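Where a number appears in this text, it was derived from the coordinates with a stated rule and is not lab data. Keep in mind that what you see is a predicted model, and the values were worked out from it rather than measured. Here Cβ is always computed from backbone atoms with ideal geometry, including for glycine, and neighbour counts include all displayed protein chains.
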Amino acid sequence: MKIFKLVIKNALRHKLRSILTALGIAIAVLAFGILRTVIDAWYIGVEASSQTRLITRNEVSLGFPMPLAYREKIAQIPGVTGVSIGQWFGGTYVDPKNFFARFAVEPESFLPLYPEYVLTEKEREDFLKERNSCVVGAKIATKYGWKLGDNIRLIGDIFPGDWDFVIRGIYHGAARTTDETQMFFQWEYLNEQLGQTTRGRMDQVGFFYVGVASADDVTRVSETIDAMFDNSMAETKTETEKEFQMSFVSMVGTIITTVKVISVVVIAIILLVLANTMAMTARERVAEYAVLKTLGFRPSHLTGLIFGESMFISILGGAIGLLLSVPIIKGFGEFLSVDLGSFFPVFELSRSTVLLAAAAALSVGVIAAVFPTLKATRIKIADGLRYIG
Amino acid sequence: MANVVDIRGVNKSYTRGNQKIPVLNNISLAVPDGEFLALMGPSGSGKTTLLNLIAGIDRPDSGSVSVANTELSKLSESALANWRSQHVGFIFQFYNLMPVLTAFENVELPLLLTKLSKSKRHEHVKSALDIVGLGDRMKHSPNQLSGGQQQRVAIARAIVTDPTLIVADEPTGDLDKDSAGEILTLLERLNKEFKKSIVMVTHDPRAAEKAHTIRHLDKGELENVNHKK
């Protein structure tokens with residue numbers, strides 16, 4: 001028999017108590033995993049951001065346009081490798097609850113800047129040559145049952161009218177974090193239509209996508225762009241793509257902070273539950289620890305026994321929790337995708353969340369064992385034996 | 001004959017609240033090698049305290065305790081634990097077996113601290129259980145054994161490391177008359193046949209009858225020697 005066997009036998013001495021404690025840890029780890037996945041989902045856009053892309057927008061707000069003519073000036077700044085244009089479209093697809101991001105872009109310059117939106121060569125060519133064509137992400141294509149060649153209509157709000165599109169491409173993300181819930185169509189189509197209805201809104205763009213040669217150029221280029229349009233009718237604000245994405249995340253900063261706090265509280269609660277279990281265990285076994293000491297077992301042996309038992313329960317609970325997390329978070333993600341897919345384009349259990357949850361379970365096991373261990377190792381043998389009665 | 005236990009001028013007191021309660025007063029005791037000594041006395045007389053000092057699980061306030069040629073007060077806690085594992089076998093009134101372990105595993109416990117191989121440990125444990133007559137109960141857990149059988153497992157645990165000295169604190173205190181008789185016969189056999197020195201604390205005059213020497217302790221002081229055999 002090894003000491004490890006005694007650890008396992010001790011852990012299973014009160015089976016119901018140990019199983020309930022382990023299940024408590026499992027549920028806490030599951031809750032922790034779900035909450036951290038929600039946080040990850042909010043940050044997914046930030047995580048997917050490029051280090052070498054800038055977004056230039058009107059300094060007042062995203063709702064204010066900038067002249068298309070800025071593009072040529074920006075393109076001439078040293079270090080700029082490409083400039084594309086974009087416009088948030090808004091609108092409604094069939095029902096207002098069918099929300100997904102819709103952008104008017106210039107495919108020729110946009111697609112090279114965003115290689116993470118993967119299209120086949122034929123899809124790319126079809127998108128480029130047909131004025132009212134569009135490409136959509138694979139997730140919304142699946143959700144709405146779209147296939148290549150389908151016609152879809154958007155009811156405009158920022159840009160009033162009925163807008164008809166034909167789907168010429170369904171893009172997939174190059175990375176796990178790539179948002180597959182967006183729609184892109186030709187800015188030229190938007191501009192032409194505006195020429196027929198509201199000419200004053202022609203040749204305006206919502207933002208410029210700016211590619212830079214290296215991350216070292218980012219600060220200089222962004223400062224140069226904004227300085228270039230200082231004191232103009234449309235002053236600009238240029239940010240890295242990450243800062244741009246973070247500005248959206250910060251709008252719900254309080255919610256995210258609350259979710260983070262709750263995830264920590266969940267772990268703290270289960271820490272108290274396990275600590276209570278281990279304290280009860282140590283109290284019940286004072287005499288046994290005294291006997292072991294009498295036989296020559298040292299404080300380090302008792303430490304191993306108590307920590308081992310606590311870790312056994314926490315690892316068991318953590319493992320069950322993580323195993324449950326995989327299907328439950330997947331199912332939760334599918335449930336969210338029905339109505340909130342565009343807010344949480346990627347809702348997956350990440351490796352970092354798995355590691356965090358495992359670390360939390362292990363930490364709980366370690367911390368819960370500290371006080372019982374101190375009690376067991378400090379008690380005098382004679383006092384412990386007297387405890388027997 | 002050399003002394004296995006040599007205690008000189010030992011004092012021990014406990015503190016309860018602000019009050020200091022003397023338990024042992026200037027005790028001196030020599031136990032020759034191979035002796036079977038019974039310590040008797042009323043409750044609170046200091047018998048168990050003296051036994052704890054001999055076994056190295058408590059320390060005196062003053063005086064010296066030498067057991068198996070080792071001055072215990074000079075040992076660190078770690079060295080004392082190591083010394084106990086090699087030189088002393090313990091028998092408790094309430095057996096103090098680990099309820100989650102089998103008889104075999106309980107007896108094997110002290111050997112886990114040694115460098116013996118698994119097969120050697122198995123050999124020693126089987127031999128100890130055979131001596132106490134429980135070779136056929138190795139896989140039984142304590143709650144499947146009677147009180148007398150549990151105490152015999154405890155005795156096997158006490159002798160499995162082949163210690164110099166066996167200390168027993170009221171070993172028959174929780175047993176019926178027949179079981180107590182069996183345990184005392186076993187202790188007598190360990191003393192005579194296996195030459196183990198034994199110091200036993202007991203209230204039971206019939207238990208004390210099995211010892212070579214009976215020493216009475218009263219109010220922390222040892223009375224005169226009562227050699228029986």
Boolean, B:Glu105 is assigned to a helix (DSSP H, G or I), surrounded by fewer than 23 Cβ atoms within 10 Å (Cβ to Cβ) and at the interface with chain A (Cβ under 10 Å from one of its Cβ atoms): yes
Conditions (1) away from every other protein chain (no Cβ under 14 Å); (2) part of a helix (DSSP H, G or I); (3) surrounded by fewer than 16 Cβ atoms within 10 Å (Cβ to Cβ); number of the one not met by A:Leu62: (2)
Scan of region B:44-98 for residues that are more than 30 Å from B:Leu145 (Cα to Cα), assigned to a helix (DSSP H, G or I) and more than 14 Å from the chain's Cα centre (by Cα), ordered by number: B:Leu72, B:Ser73, B:Lys74, B:Glu77, B:Ser78, B:Ala79, B:Leu80, B:Asn82, B:Trp83
Matching residues, region A:154-195, being without any contact (Cβ under 8 Å) to a residue 60 or more places away in the chain and of a type in the set (D, E, K, R): A:Asp162, A:Asp164, A:Arg168
Enumeration of residues in region A:360-373 that are of a type in the set (A, V, I, L, M, F, W, C) and more than 10 Å from A:Ala282 (Cα to Cα): A:Ala360, A:Ala361, A:Leu362, A:Val364, A:Val366, A:Ile367, A:Ala368, A:Val370
When residues of region B:1-34 are limited to those that are over 13 Å from B:Gly63 (Cβ atoms) and of a type in the set (S, T, N, Q), the one farthest from the chain's Cα centre (by Cα): B:Asn18
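Would you confirm, using the coordinates I've provided, whether B:Thr161 is assigned to a loop (DSSP other than H, G, I, E, B) and free of Cβ contacts under 8 Å to residues at least 40 places away in the same chain?
no
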Contacts under 8 angstrom Cβ, first residue in region A:34-54 being assigned to a loop (DSSP other than H, G, I, E, B), partner surrounded by 19 or more Cβ atoms within 10 Å (Cβ to Cβ) and of a type in the set (Phe, Trp, Tyr), 6 or more apart: A:Ser49/A:Phe244
Those residues of region B:129-150 which are away from chain A (no Cβ under 14 Å) and in a helix (DSSP H, G or I), in sequence order: B:Leu129, B:Asp130, B:Ile131, B:Gln144, B:Gly147, B:Gly148, B:Gln149
